[in-house]
Amino acid sequence: MAENQGESTEVDHGDKGDSQESGWTWARTWTHMLWSPDQGHPAASTVASTDPTVSSDPTDTLEHFGLETAYEVTIDDIPVFEHAHQARESTTGSSEDKTAYRKPCRSYLATAMLIFKNIFSAALLGFCIVMLSAAIFEKQTTATAEYDLHPAVAFVVFWVLLLWLALMEGGLNCMVGLKPVTKALYAESHPLALRCTRAVHKGDNLDRFIVGRQYLDLSIVFTTNFMVSSIANATVLGLSQGICEAFLSSGLAVILITIVIGQLTAQINSAHYMLDFINNYLMVVTTYVALFVEASGMLHAVYLIQIIVSSLAGRKTNNEHKTTFQKATFWLRVAFSVALLIFAFAITVKALFDKSTTMWSSVPAWASLIILFVLTLVAGIMEGLQIALMAVVHISEDELKHNPRAYSNYDFIFSGKHLQSFLVGRQICQTIIMFVVARIITLDAESENIFGVPDRLQQFFVTGVLGALMTTIVASLSWRVLAASFPVAFLSNPFSRPIIHLCLIFEYTGICYIAWPIAKLYRQVFHFKKDDYYIGTVDERRLKGERGDSDLALTEPAVDCSEDDNV
């Protein structure tokens, strides 16, 4: 396969007519370089590519946990629904003359807006990085000021955690996207990626990996919030108190950096460069750490919720096929997790009413509790909407029309680029919510010991481990299980449409558009190639499979992975 085959669509210069427009050629070329078709819309990175030759019926996943459903539908599936929607719009009767007249105007305006958003986003990100770095080195953060942590150490730890978060964010897409692909195709070219996928794709380990990774993800959010949250009345670089309050005290700077560098950039690259993305030792370590976290039983309370919801939906669970010993250990871990969750709730409520958290002192305890409840509800609905939207893709319109609200939301989200924009906006909203929740429930380092516990245990609470546990179960995984079992009912809840619009508004601001140029630079520095370069296109793989290609037969025994292949 020629090397340029995998990169041939890297830059799309648009239609010839557009490229000949004087004054706009450079703008179009530049914006296409920043946002090329292989990247798609920003949301194209939030779902992983799968092989259509393999059945992707979501019911197989829903019977288990429903956590991977939202990643199993590619952006390539979306035009099918967009086409149907456009066909209905075409009957409303807008004339061809008006369309021809308005199209260039909209095109120029969209190009100008895209350029502006990229420049604005780059300037905003750069300003946030400078401010946050200055706060660390001037000892205006909790870790450096109150815990006397050396600024250089705090700076390095923050960026290491951020890069680890990026690896986990993209790694999830890769694990789900590579599940239907025969491992022999990349066994020799990507041995470390093979180690990761063989571990995760064995049995129900993918669900386990998702659970463990979700906890690690939120743990990093809580830890970074602890590391770089500013002290009271923090000022840096001689800037006004108002600017410092807006970017440091509110957490806006760390939130924006986390979204762009720790999440979106990784998701963009993991959409079509999965093999290169996870072919490293850190991803191997992360894989086993995530599986270990799940095996510890800390998060097993979510399986109890799964069993209850599955029973209500009339579905069977994997627990019925376990041995007596496996069932005993499973229920022991469930009991341990439920007890830990109740304890985390007790610690949080006690700390809120004692004013012992990092929540802004001007907010009363009862208001903090209400805000926490509302944010948990919104975050949970966002998590569930992602699952429900992908699940209803495989439900007929006639069935959906029995529920007018669900059908209305479905019709709206799959029109134009709403789905793509929603996925990006959802990512932004989720991160903002998680940082605010972390501020609400993270214990203050200088507060008195909760329930009179020893100092070392109090210091353990301050790290936010219990907060991350509670958030993972209550604000994330539980809602995914609920939406996976009842997608239509979930999509019809009255909060769905307002939350969808909220996500669209956040995406439209363009504050995170710089993620796409950064992702492109990252690929160029590390010489990433598309997965098609290594394993061929979907059509090529289908052709080889139909002909029983000898290349596959030769490589299959060499890695001895036939028994855990999913194709």
Can you list the HN-Hα couplings for region 213-223, worked out from phi with the Karplus curve (6.51, -1.76, 1.60; θ = phi - 60°), rounded to whole Hz and with x for Gly and Pro? 5, 4, 5, 4, 4, 5, 5, 5, 4, 5, 5
Could you compute the FRET efficiency for R405 and E188, with r as their C-beta to C-beta distance and R0 at 45 Å, rounded to 0.05? 0.30
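Round to the nearest 0.05 the FRET efficiency obtained for L109 and H501 when R0 = 22 Å and r is the Cβ-Cβ distance. Could you put the intermediate results ahead of the total?
Working: r = 22 Å, r/R0 = 1.00.
The computed FRET efficiency comes out at 0.50.
How much length, in nm to one decimal, is gained on full extension between V374 and S250, taken as 0.36 nm per residue of separation minus their Cα-Cα distance?
Here the answer is 42.8 nm.
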Under the rule of at least 5 residues apart or a separate chain, name every residue whose amide H is placed under 5 Å from the amide H of G464. L443
Region 428-454 versus region 255-307: alpha-carbon centroid distance in Å: 23 Å
What percentage of the solvent-accessible surface of region 316-442, computed with a 1.4 Å probe over protein heavy atoms, is contributed by carbon and sulfur atoms? 67 percent
Enumerate the calculated ³J(HN,Hα) couplings along region 485-499 in order (Karplus 6.51 cos²θ - 1.76 cosθ + 1.60, θ = phi - 60°), each rounded to whole Hz, writing x wherever the residue is Gly or Pro. 7, 10, x, 5, 4, 5, 5, 8, 5, x, 8, 4, 5, x, 5
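Rounded, prolate or oblate, given the Cα gyration tensor of region 322-463, with a/c below 1.5 counting as rounded?
Since a/c reaches 1.5 but b/c is at least a/b, the shape of region 322-463 is classed as oblate.
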Using a simple charge model, +1 on the beta-carbon of Lys and Arg, -1 on the beta-carbon of Asp and Glu, nothing else, what dipole does region 378-532 show about its Cα centre, in debye to the nearest 20? 420 debye
Net charge contributed by nearby residues that have their C-beta within less than 14 Å of G464 (K/R +1, D/E -1): -1
Rounded, prolate or oblate for region 206-247? Axes are the square roots of the Cα gyration tensor eigenvalues, ordered a ≥ b ≥ c, and the cut-off for rounded is a/c under 1.5. prolate
List, in order, the whole-Hz ³J(HN,Hα) value for each residue of region 116-132 obtained from phi through the Karplus relation with A = 6.51, B = -1.76, C = 1.60 and θ = phi - 60°; use x for Gly and Pro. 4, 5, 5, 5, 4, 5, 5, 5, 5, 5, x, 5, 5, 5, 5, 5, 5
The set of residues whose placed amide H lies less than 5 Å from the amide H of T141, leaving out same-chain residues fewer than 5 positions away, is I231
Round to a whole angstrom and tell me the spacing of the C-alpha centers of region 456-484 and region 100-169. 26 Å
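Indicate the gyration tensor shape class of region 216-359 (rounded, prolate or oblate), computed on the Cα atoms with a ≥ b ≥ c the square roots of the eigenvalues: a/c under 1.5 is rounded; otherwise a/b larger than b/c is prolate and the rest oblate.
oblate
When only Cα pairs under 8 Å and 6 or more residues apart are kept, what is the percent relative contact order across region 429-548? Spell out each step's value before the answer.
On the way: 26 pairs, mean separation 21.9, N = 120.
For region 429-548, the relative contact order is 18 percent.
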Amide H contacts under 5 Å for T357, placed H, 5+ residues apart: D444
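Taking every eigenvalue of the Cα gyration tensor of region 204-297, multiplying by 5 and rooting it, what semi-axes result, largest first, whole Å? Walk me through the numbers before you get to the answer.
Working: eigenvalues 227, 58, 18 Å².
The answer is 34, 17, 10 Å, longest axis first.
The values are calculated or read from the model by the stated rules, or taken from the named source; none is laboratory data. Fair warning: this is a prediction, and the values are worked out from it, not measured in the lab. All Cβ positions, glycine included, derive from the backbone under ideal geometry; neighbour counts span all protein chains shown. For accessibility, only protein heavy atoms count, side chains too; no ligands or nucleic acids. Shrake-Rupley method; radii C 1.70, N 1.55, O 1.52, S 1.80 Å.
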